[in-house]
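Heads up, the thing below is written out as C-alpha cells.
A short reminder: the numbers here are calculations on the coordinates, not readings from a lab. Keep in mind that what you see is a predicted model, and the values were worked out from it rather than measured. Here Cβ is always computed from backbone atoms with ideal geometry, including for glycine, and neighbour counts include all displayed protein chains.
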Amino acid sequence: MNWREKIRTELFNITIPGGYADKVPHREDILDCSLGTNPFGTSPRVKQKLKNLEIEIAKYPDVHYTELRNALSDYWGIEKDSIFFGYGSMGCFEKVNKFAIKNGAKVLGISPQYTRYISDVIVMGGIYESVLLKAENNFKIDIGEIINSMTSEHALFYLDNPHNPTGQLVALKEVEEIVEEAKRKGVLVLIDEAYGDFVDKKQSAINLNADNLIVLRSFSKGFGLASMRVGYAVIRNRELRELYKKVDLPFPITTTSEALAVAALRDQEFLEKSRKQIAAIKGRITHDLKKMFQIPETHPQTPIMLVGGEGDTYHYFLKRGVLTVPGSAFKPLDNSYVRLRVPKNEEELLRRLF
C-alpha cells in the first residue's frame, strides 16, 4: 500500500473547472470584466483607515473579533453569538460542509451554480444533485421545482442568492418558502449571500429566524475588500453554532481585515452609491447586448450577469480585449455563455464589442 491509497479518492477523481483570470496570458490592453468585485473599488473611508492603521503585527488578532462582531450585531439586529468569521464566504461554507456533509450525504442545489461549493461537497464525500435552470425559461430560478425536488434524503440545500452566475435575486418570501419546506423534511438550508450587499438588506435571509438556516456573507464583493478575505456566517440555532465551533479554527481573519471591515460597514453611503451606479451601467449594457446575445434573468443592482450567444461567446469577447468568466466554469454550461461583471465605465466595453 502506498500513500495514494490513504487519500480521499474523491480528490483524484474530481476535476475543478478553471477559466478565471489566472488562466489568461497577461495583456496590457485587456478590459477585465471577470471576477465579481465592486467595479468602483472600496470606500474612501476604508482607504483612509488603511493609511492610518497601526497594528502590532507580532500579536494575534482578538480571538472574539469584538469590534467587528459588535458592528455586525448592530447592523443586522442579531445576537453576537450567532456571528462566525471565515476567509471569505468560501471559508465559512467549508466549515459548514465539515459538519453537515458526511460520506454519501445528498446535497441539493441548482445548476448552473457557484462551482467551488459543489466541488467542496464532492471532496467531502457528498453527492451533489441539482435542479436545472432552463435556457428556454431564461434561466429563472423556479421555487416550485426546487421544493418538489427536495426530499427528506437530502442533508442540505444550497443556494447562492443573488445567484452566481446570472445575478438574479430570489425574493425573501420565496427563500422563506424553501426554508419552511426544508424544515418539514429535516433538511438544512445554506444561503450564500456573497453578492448580497448589492441589494437591499431587507432581502437578506438573515432576517429569517429559522432553526435549519445558515446564511453566509462576504466583504469581498459590495464592500470591495476582496484581498482582505473577510466572510461571516450567521447561525441562529444554538446546536448548529456548537457544531460550527467544533470545526472552526482560531484567528480565521487578520486584525487588519477586521479593522477595514468595520470601516467599510460604517460607510453605507459608498455602498448605496455603488448600487445606483451599477444599476445605471448594467441597464445600458443590457440594452445593447440584447441586440446580439441572450441575457438571462438578472437583478439590476448585482454587477454580474450571464451573456449567451451562438458559437464561442467567451473567445468572441476575448478577441475584442474583454476578459470574462467562460460558461464552462459553471456546469453544465459551455463557452457559448460567459459571466460578465459590469465595468466602471460601460462606454469602453460597448466600443470594443460593437
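Based on DSSP H runs of at least 4 residues, each adding -39500 (n - 2.57), what is the mean residue ellipticity at 222 nm of the chain after dividing by all its residues, to the nearest 500 deg cm²/dmol?
That comes out to -10500 deg cm²/dmol.
Please report the antiparallel percentage of DSSP beta bridges with both residues in the chain, rounded to the nearest 5.
If I count the DSSP bridges inside the chain, around 45 percent turn out antiparallel.
Classify region 72-201 as rounded, prolate or oblate, taking a ≥ b ≥ c as the square roots of the eigenvalues of its Cα gyration tensor: rounded when a/c is under 1.5, otherwise prolate if a/b is larger than b/c and oblate if not.
rounded
Tell me, what HN-Hα J-couplings in whole Hz come from the Karplus equation 6.51 cos²θ - 1.76 cosθ + 1.60 at θ = phi - 60° for each residue of region 325-342, using x for Gly and Pro?
Rounded to whole hertz, the list is 9, x, x, 4, 6, 10, 4, x, 5, 10, 7, 6, 10, 9, 9, 10, 9, 4.
Give me the one-decimal nm value for the distance between modelled label points at E56 and E28, 7 Å along each residue's Cα-to-Cβ direction.
Rounded to a tenth, the inter-label distance reads 4.7 nm.
Across region 269-286, in residue order, what do the Karplus-derived ³J(HN,Hα) couplings come to in whole Hz, using 6.51 cos²θ - 1.76 cosθ + 1.60 with θ = phi - 60° and x for Gly and Pro?
The phi angles translate into 4, 4, 5, 5, 5, 4, 4, 5, 5, 4, 4, 5, 5, 4, x, 6, 5, 4 Hz.
State the extension gain, in nm to one decimal, for the chain segment bounded by N207 and K276, taking 0.36 nm per residue of separation less the distance between their alpha-carbons.
22.5 nm
Got a sec? How would M1, M90 order by Cβ neighbour count within 10 Å, fewest to most?
Final ranking by Cβ density, sparse to dense: M1, M90.
Could you list I304, I253 so that the one with the fewest beta carbons within 10 Å of its beta carbon is first and the one with the most is last?
With the fewest neighbours first, I304, I253 line up as I253, I304.
Please work out the C-alpha center-to-center distance from region 243-263 to region 112-149 and express it in whole Å.
Spelled out, the Cα-based centre of one part sits 29 Å from the other.
Cut-off is 10 Å between beta-carbons; in what order do L11, L159 appear when sorted fewest neighbours first?
In order of increasing Cβ crowding within 10 Å: L11, L159.
What do you get for trypsin sites (Lys or Arg not before Pro) in region 45-104 restricted to DSSP loop and a cutoff of at most 15 other Cβ within 10 Å of the site's Cβ?
In loop regions of region 45-104 (DSSP not H, G, I, E or B), the sparsely surrounded trypsin sites (Lys or Arg not before Pro) are K59, K102.
Assuming a viscosity of 0.692 mPa s and a temperature of 37 °C, what translational diffusion coefficient in µm² per second does Stokes-Einstein assign to region 44-265, Rh being the Kirkwood radius over Cα pairs?
Answer from the Stokes-Einstein relation: 183 µm²/s.
Just flag the trypsin sites (Lys or Arg not before Pro) in region 161-229 sitting in loop per DSSP whose Cβ has no more than 16 other Cβ atoms within 10 Å.
K185
With r defined as the distance between the Cβ atoms of E177 and H315 and R0 fixed at 41 Å, what FRET efficiency is calculated, to the nearest 0.05?
The computed FRET efficiency comes out at 0.50.
Give the Kirkwood hydrodynamic radius (Å, one decimal) of region 254-354, defined as one over the mean of 1/r across all pairs of different Cα atoms.
15.0
Write down the Å³ per residue value for the convex hull defined by the alpha carbon atoms of region 186-264.
It is 103 Å³ per residue.
For the pair N138 and E79, how long in nm is the line joining their label points, each one 7 Å along Cα→Cβ?
Computed distance between label sites N138 and E79 equals 4.2 nm.
Any idea what the relative contact order of the chain is, in percent, if you count C-alpha pairs under 8 Å spaced at least 6 apart?
This gives 25 percent for the chain.
If I stretch the segment between E5 and N103 completely, what's the gain in nm (0.36 nm per residue apart, minus their alpha carbon distance), one decimal?
Taking E5 through N103 to full extension adds about 33.6 nm, to one decimal.
Under a crude label model (7 Å from the Cα following the beta-carbon direction), how far is I127 from T15 in nanometres?
The answer from the label model is 2.3 nm.
Pick out which of I118, I57, I206 has the largest mean-square fluctuation in a Gaussian network model of the chain, springs linking Cα atoms closer than 10 Å.
I57
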